[in-house]
1. Could you sort out which of A:Lys15/A:Lys51; A:Lys15/A:Lys41; B:Lys282/B:Lys363; B:Lys40/B:Lys62; B:Lys291/B:Lys323; A:Lys207/A:Lys244 sit more than 22 Å apart by Cα distance in this structure?
2. How much of the DSSP beta bridge set in the protein assembly as shown is antiparallel, as a percent to the nearest 5?
3. Hand me the trypsin sites (Lys or Arg not before Pro) from region B:318-416 located in a DSSP loop with no more than 10 other Cβ atoms within 10 Å, in residue order please.
4. Any chance you could run the full-extension gain for B:Leu57 through B:Asn414? It's 0.36 nm times the residue separation minus the Cα-Cα distance, nm to one decimal.
5. For region A:3-245, what proportion of DSSP beta bridges, expressed in % and rounded to the nearest 5, is antiparallel?
6. Between A:Ile56 and A:Thr97, what FRET efficiency follows from the Cβ-Cβ distance if R0 is 41 Å, with the result rounded to 0.05?
7. For region A:3-245, compute Rh as the Kirkwood radius over C-alpha pairs and then the Stokes-Einstein diffusion coefficient at 20 °C and 1.002 mPa s; write the answer in µm²/s, rounded to an integer.
8. Between A:Arg110 and B:Gln401, what is the label-point separation in nm under the 7 Å Cα-to-beta-carbon projection?
Amino acid sequence: MFLEIKDLSVKIENKNILKSLNLNINKGEVHAIMGPNGSGKSTLANVLAGKEDYEILNGRINFKDNDLFDLNIEERAQEGMFLAFQYPVEIPGVNITPFLHSAVNSKRKRMNEEEIDNLSFAKLLKSKASDLGINIDMLKRSVNTGFSGGEKKRYEILQMSILNPDLAILDETDSGLDIDALKIVTDGVNKLKTKENSFLIITHYQKLLDYIKPDYVHVMVNGSIVKSGGSEIAAEIEKDGFQKFQ
Amino acid sequence: MNSETLNTLDSYSKNKYKYGFVTEIDDEKPKKGLNEETIKFISLKKNEPEWMLEWRLKAYSKWKKMKEPKWANLSFPEIDYQDIYYYSAPKGFEKKPKDLSEVDPKLIETYNKLGIPLEEQKVLAGVAVDVVFDSVSVATTYKGELEKLGIIFCSIGEAIQKHPDLIKKYLGSVIPPGDHSFSALNSAVFTDGSFVYIPEGVKCPMELSTYFRINAENTGQFERTLIIADKGSYVSYLEGCTAPKRDDNQLHAANVELIALEGAEIKYSTVQNWYPGDEDGKGGIYNFVTKRGLCAGKNSKISWTQVETGSAITWKYPSCILKGDNSIGEFYSVAITNNFQQADTGTKMTHIGKNTKSKIISKGISLGKSQNTYRGEVSFLRKADKARNYTQCDSLLVGNQCGAHTVPYIDSKNNTAVIEHEASTSKINEDQLYYCRQRGLSHEEAVSLIVNGFCKQVLQELPMEFAVEAQKLVSISLEGSVG
């Protein structure tokens, strides 16, 4: 099993957020999680990425034959887990190019691969950026600093395509995007998708799933997955809302 | 941050202060303590003319009547001025060696270890260096090439011998010996330092640099630097400093005077990395430094850039007196304090001429149990019509046992003056750390990256050759403070 979440219960500040959650993802699969606000979708993403604010009450997560809880945030990232943030944070004064370069090399180091040099990296970054329709000038700016909402999301996708993760988690990447930006973002995901990697797409609306075809759709309500199936579920939600799952 | 910096970070984590070694060398010292005999000894050793000795003795008599300035937010035991050696020179330095073959190989090795090779074939490309070891200047590189342009770059001791007119005219003209007790002390006992004169209309083609090293125990270093940029000239100057690890505190009280005549520009950069003391606050340099520049002529410009990471105590306010109309003063500062370090640093911009402009960018980073204070004074005199100042002070706290303080004074006697002031204090942002780590960077790398980003506005003012060094230094200063 590529990713196996078993009986996961998580709380934050005395509030139970995830309750006995189960989810299995195989290599090459695209999973979508849909749910109303406050159902615990973003918590799941952050627990997977290793954010330290949460208390794990019960359950286990297996990722690529590792007990995920044995790995810290950066080790999970280096093992190929990528989280596209809902609200990417600004880091003033830190230029995108060396930032991503360091990120790529820390992953290569863990995989015992040779580090990529400045010049080759700059070339790689430029070509990926133009693939995604990202202006080269954006590469001269500081990480997320002064970016519009759409630019931030596009930049998340650029990072994803450079880091080429085994498991990419997209946390409400569609929120705040107009149709053009949504197309760029979803194109990026579709280009990156292979038989070897997997996606977990967290979304509130069905719109995103018009552009990315998931193999499975899960409905998450009140900290648990209450229904799983194919893309027909997304259509159901679009029509009737989350009411009937609650 | 590039991978090279990361590697350096790794290698430094094993030895936080890599300049902490001691050179075993026979040295020559007078008796401990400060009195007229000590001053006569120094003057004699330097083979100084009578007028210089008189100048020193006058400063000494002023010092005796003075008390240390007390405005700074610093606490330290009283300095016992009678328990310090005021001069220390490697034996055989009565006369400065003519070339490196006359220099003790141990000294050359010391500078190789510090990354400052002195052999002609290895000298830093495009940078002329004067190296000062305890109380004496060891060597000055690229001298011949500079002489062709009429540029004088030598030790202050040599300048007193060879250029007495310039010394008499300018020494103490910006920082009078009686300004405060540390300037009086320095004027009485200064030993070596650099002298620069750039003739009219000459743009100095290379960076000039002085490297200061304290080696001997219980010895104060009192350097004196004087830079004169004649009309329409330009010079960029950089100083670096290190000292061995010692359990006792050592005193360093330097005076630096800059004079920019009409249309001249002086860019002065400092990377200060004196031994900061250990994790428990034992040892380290007391760094009491007076730096002041005079924009004497119209359209002149003086720019100070400092990266302050070392010393147990830093007390330093590089200042500009903007006398010439349209003159410009700038101050860019990064001050990092860790463990028990204390820094009280900032600047003073005195607007005298019309249309004078000043800009202050200060970045303070506090870690461990350290205290970091920005102290600045901007004043506009009556005739400073349409003068402007922009001040930006940002403080970054890492951890919750350190302190950051901002003390800006503004005094305006002219109502056409325009003053802008921005200040911020922030803690290192957990969301930023999470973001960086999610991309695969370690906690330490992430902190270093964020702090370097925070300082970027200042670091980019440094000459290229030193910007990379400074960035590494910032990373090293953060070692062991996070996690």
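Each reported figure results from applying straightforward, stated rules to the coordinates on display, with no laboratory input. Not measured: the values here are computed from a predicted model. Every residue, glycine as well, gets a Cβ built from its backbone with ideal geometry; the counts of neighbours run over all protein chains shown.
1. Beyond 22 Å: B:Lys282/B:Lys363.
2. If we restrict to bridges inside the protein assembly as shown, about 20 percent are antiparallel.
3. On the way: sites: B:Lys323, B:Lys348, B:Lys354, B:Lys357, B:Lys359, B:Lys363, B:Lys369, B:Arg375, B:Arg382, B:Lys383, B:Lys386, B:Arg388, B:Lys413; in loops: B:Lys323, B:Lys354, B:Lys369, B:Arg382, B:Lys383, B:Lys386, B:Lys413.
Filter output for region B:318-416: B:Arg382.
4. Extra length from B:Leu57 to B:Asn414 when fully extended: 124.5 nm.
5. Taking every DSSP beta bridge with both residues in region A:3-245, the antiparallel ones total about 55 percent.
6. Efficiency for this residue pair is about 0.70.
7. Stokes-Einstein gives a translational diffusion coefficient of 115 µm²/s.
8. Label-label distance for B:Gln401 and A:Arg110, simple model: 3.1 nm.
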